[in-house]
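Student: Mind having a look at this structure? Questions to follow.
The values are calculated or read from the model by the stated rules, or taken from the named source; none is laboratory data. Remember, it's a predicted structure, so these values are computed and weren't measured experimentally. All Cβ positions, even for glycine, are placed from backbone atoms using ideal geometry, and neighbour counts span all protein chains on display.
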């Protein structure tokens, strides 16, 4: 069987590393390991891993420095990193500090104890994300909004903007033509509004998931979005990270609604 990606495990707990290494090798991964930051940097250059599992290393703070080095080093910044923090009782000694956690942008974050075998599907999902992009269509009648969304999505290695529409009619036509995974849809647009377009898309293009993104976040608009078949609703005032989370959520089959209105959404199911 053909070898899969190389996985680099960076962790100073040898028992954890050895068990995880054996499980990964049974799944036909190539596995390399490092026990401190200096060795980890050498291994990255030598093995060019497809993913890094970054656990706990001493002294405290070195895991964060390694993560920062990865994200800032040309050629390595796009490598997916799964962070596994120390268990609660050891976090003061070797875990991630709160200020470090706020600065990081790891693709996955867990805390020990974890079952090594449970990491396999998460590792595969991260690897798949680097090779399979979420195809996104942006529908908004304001060019500045489309430009802003496109710029944010362009920085994501797992997303691809495949088209734009300036009204609901064009959004429907381009969805049929381009078959996106996710349609980011404004509500108030000329010719055909976003709600009518979403209804048509949900009836005619079953694979496309509609995520409403609008400044009109009143409860009636959220509930109307749910009624026509949209699977999520995000206010334009929300942070870009909320939009990215929403796109990823609906692309994998989940829903993404405003938390404060979740009880009302549940009532419509």
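Student: Looking for something in contact with a helix residue (DSSP H, G or I) (Cβ under 9 Å, 6 or more places away or on another chain), under 26 Å from residue 244 (Cα atoms) and at pLDDT 85 or above - is there at least one such residue anywhere in the stretch 33-42?
Tutor: no
Student: For the stretch 74-89, name all the residues that are in contact (Cβ under 8 Å) with a residue 12 or more places away in the chain and not in a helix (DSSP H, G or I).
Tutor: So in the stretch 74-89, the residues in contact (Cβ under 8 Å) with a residue 12 or more places away in the chain come out as 76, 78-88.
76, 78, 79, 80, 81, 82, 83, 84, 85, 86, 87 - these are the residues of the stretch 74-89 that are in contact (Cβ under 8 Å) with a residue 12 or more places away in the chain and not in a helix (DSSP H, G or I).
Student: Go through 226, 206, 169, 174 for me and flag whichever is in a helix (DSSP H, G or I), out of contact with any helix residue (DSSP H, G or I) (no Cβ under 9 Å at 6 or more places or on another chain) and either at pLDDT below 90 or more than 28 Å from residue 77 (Cα to Cα) (or both).
Tutor: One residue alone meets the criteria, 174.
Student: Could you count how many residues in the stretch 52-62 are more than 15 Å from residue 17 (Cα to Cα) and in a strand (DSSP E or B)?
Tutor: Number satisfying all stated conditions: 0.
Student: Does residue 180 satisfy being assigned to a loop (DSSP other than H, G, I, E, B) and either in contact (Cβ under 8 Å) with a residue 60 or more places away in the chain or under 19 Å from residue 248 (Cβ atoms) (or both)?
Tutor: yes
Student: Oh, and also: Please enumerate the residues belonging to the stretch 231-252 that are assigned to a helix (DSSP H, G or I) and free of Cβ contacts under 8 Å to residues at least 24 places away in the same chain.
Tutor: Correct list: 241, 242, 245, 249.
Student: Right, another one. Could you tell me whether any residue of the stretch 39-49 is surrounded by 19 or more Cβ atoms within 10 Å (Cβ to Cβ), closer than 17 Å to residue 123 by Cβ, under 21 Å from the mean Cα position of the chain (by Cα) and not assigned by TED's automatic domain parsing to the domain that holds residue 159?
Tutor: Yes, the stretch 39-49 contains at least one residue that is surrounded by 19 or more Cβ atoms within 10 Å (Cβ to Cβ), closer than 17 Å to residue 123 by Cβ, under 21 Å from the mean Cα position of the chain (by Cα) and not assigned by TED's automatic domain parsing to the domain that holds residue 159.
Student: Test each condition in (1) crowded, with 18+ Cβ neighbours inside 10 Å; (2) within 13 Å of residue 116 (Cα to Cα); (3) at pLDDT 95 or above for residue 16 and report the one that comes out false.
Tutor: Single failed check for residue 16: (3).
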